[in-house]
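The values are calculated or read from the model by the stated rules, or taken from the named source; none is laboratory data. Predicted model, so just to flag it, every value in this text is computed and none were measured. Glycine also receives a Cβ, built like all others from the backbone with ideal geometry; neighbour counts cover every protein chain displayed. These area figures cover heavy atoms from the full protein model, side chains too; ligands, DNA and RNA do not enter into them. Shrake-Rupley method; radii C 1.70, N 1.55, O 1.52, S 1.80 Å.
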Amino acid sequence: MKQQMQEAEELYRSLVEDTLVGVYIAYVDEPGFVYVNPRLGDIFGYSQEELVKMTASDLVIEEERDIVRTHQERRINGDRSNIHYQFRGLCKNGNRIDVEVLQKTSTYKQKPAVIGIVQDITERKQAEELVRKSELLSVIGQMAAGVAHEIRNPLTSLKGFVQLLRAHSGGKDEYYRIMLSELDRIEFIISEFLVLAKPQVVFQRKREMQPLLEQIVMIADTHAIMHNVQILTSYADNLPAIVCEENQLKQVFLNLLKNAVEAMPNGGVVTVSASVEDGMMLIAFTDQGCGIAEEQLLKLGEPFFTTKPNGTGLGLMVSYKIIANHGGTISVCSKEETGTTFEIRLPVR
Ligand code: ADP
Ligand code: MG
């Protein structure tokens, strides 16, 4: 009998102590934890000894402590149902993580208690967010396909007639100039949309990156000089060729260069560099411009996010989409009033 009990205890102990989810027991009527397993400590970066001296709210970011409090009150008021919720957790080092809790009532040493199971779902949340963003992009792409084609034809005839009228009218040239430039703008938006709508391309062509970048720098140079911006380049030797859709990559490079120039209203230097890092082609665009505020970094790539009076907020969305289609990534590093670096990583295949 004694041996059986010992075995049972060992079994339960290893089930709880060695499991991959955080586990705790807390009394309903008392603050703090009665027991926490080692994994719960790992999730938040505390030791078990530290955790038992803390309360549940200490593990929650301040803005969301009400959630925990509400659930505790429900328990105190006699609610014995299972409770399942998510919150933003606060780690010892100040990091914020996404956490999921499943809570069940029970008794421990003859007192009403709750048993909680805690999981770090940060990575899952990030993956969900990625799916959400790309789903949004594909929906917009589909809608754009129809709309853009419908708009293109009337636009062409409007443009033609405005040009004709301008040729035959005496004066009022300024009006026609504005009308034509507005039509150009609509046309530009439509063509950016159409890239989204294009069916996925099969990439069969290997392309050298350096000539491609050189061409783009040449195209962007006039725009840059007009804005008092100098474009410097630095290419590593023996850059590998990349299997890609050349025109789409060019579009991305142009978008990023244009943004870099536009970020420097008082002029400055943009550096374009290409190298190989960890088996990936790394292409970086660094400017000395206004930088991007932290809360705006998250919005980059969202359709219509722009801080420019005449911006479309579509350039980055299209660029992200193109690079994702190439199996690559874009990352941004920015400091306000100092400058921004956009880094593109493409697989070398
Ligand atoms: P648009 O250029 O039409 O505004 P984008 O999608 O190209 O649209 O860029 C969206 C926004 O991202 C810009 O309005 C700007 O606020 C910010 N941004 C992009 N690149 C830079 C940069 N290099 N420096 C500062 N801000 C940038
Ligand atoms: Mg832009």
Hits in the stretch 298-321 - residues which are more than 9 Å from ligand 1 (Cβ to nearest atom) and of a type in the set (A, V, I, L, M, F, W, C): 298
Answer yes if at least one residue in the stretch 340-347 is within 13 Å of ligand 1 (Cβ to nearest atom), open to solvent by 60 Å² or more (accessible area, probe 1.4 Å) and within 17 Å of the chain's Cα centre (by Cα), and no otherwise. no
Those residues that are more than 12 Å from ligand 2 (Cβ to nearest atom) and within 21 Å of residue 267 (Cβ to Cβ), I need them from the stretch 290-318; list them, please. 290, 291, 292, 309
State whether one or more residues within the stretch 273-283 are surrounded by fewer than 17 Cβ atoms within 10 Å (Cβ to Cβ) and within 16 Å of ligand 2 (Cβ to nearest atom). no
Pull out all pairs, ordered by first then second residue, where Cβ-Cβ is under 8 Å, the residues are six or more apart or on different chains, the first lies in the stretch 252-270 and is assigned by TED's automatic domain parsing to the domain that holds residue 228 and closer than 12 Å to residue 285 by Cβ, and the second is within 14 Å of ligand 2 (Cβ to nearest atom) and hydroxyl-bearing (Ser, Thr, Tyr). 252/319; 255/319; 256/319; 260/340; 263/340
For the stretch 215-238, indicate whether the set of residues that are open to solvent by 20 Å² or more (accessible area, probe 1.4 Å), touching a residue at least 24 places away in the same chain (Cβ under 8 Å) and among the acidic types (Asp, Glu) is non-empty. no
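Going through 349, 345 one at a time, which residue ends up being out of contact with any Lys or Arg (no Cβ under 8 Å at 6 or more places or on another chain) and either in a loop (DSSP other than H, G, I, E, B) or within 11 Å of ligand 2 (Cβ to nearest atom) (or both)?
Numbers: 345 fails: either in a loop (DSSP other than H, G, I, E, B) or within 11 Å of ligand 2 (Cβ to nearest atom) (or both).
Every option except 349 fails the conditions.
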Yes/no for residue 252 being away from ligand 2 (no atom under 13 Å from the Cβ) and either open to solvent by 50 Å² or more (accessible area, probe 1.4 Å) or of a type outside the set (Lys, Arg) (or both): no
Does residue 22 count as on the phi < 0 side of the Ramachandran plot, open to solvent by less than 50 Å² (accessible area, probe 1.4 Å), under 30 Å from the mean Cα position of the chain (by Cα) and not aromatic (Phe, Trp, Tyr)? yes
So residue 295, is it within 11 Å of ligand 1 (Cβ to nearest atom) and either at pLDDT 95 or above or open to solvent by 20 Å² or more (accessible area, probe 1.4 Å) (or both): no
Inside the stretch 304-332, can you point out the residues that are surrounded by fewer than 18 Cβ atoms within 10 Å (Cβ to Cβ) and more than 26 Å from residue 230 (Cα to Cα)? 304, 305, 324, 325, 327, 329
Any chance the stretch 134-142 includes a residue that's in a helix (DSSP H, G or I), among the acidic types (Asp, Glu), at pLDDT below 75 and out of contact with any Pro (no Cβ under 9 Å at 6 or more places or on another chain)? yes
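If you scan the stretch 86-108, which residues turn out to be out of contact with any Cys (no Cβ under 9 Å at 6 or more places or on another chain) and open to solvent by less than 30 Å² (accessible area, probe 1.4 Å)?
The initial filter retains those residues of the stretch 86-108 that are out of contact with any Cys (no Cβ under 9 Å at 6 or more places or on another chain), namely 86-96, 98-108.
Listed by number, the residues that qualify are 87, 89, 91, 98, 99, 100, 101, 103, 105.
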So in the stretch 263-272, with the set limited to residues that are touching a strand residue (DSSP E or B) at 6+ places or on another chain (Cβ under 9 Å) and not hydrophobic (A, V, I, L, M, F, W, C), which one is most open to solvent (accessible area, probe 1.4 Å)? 271
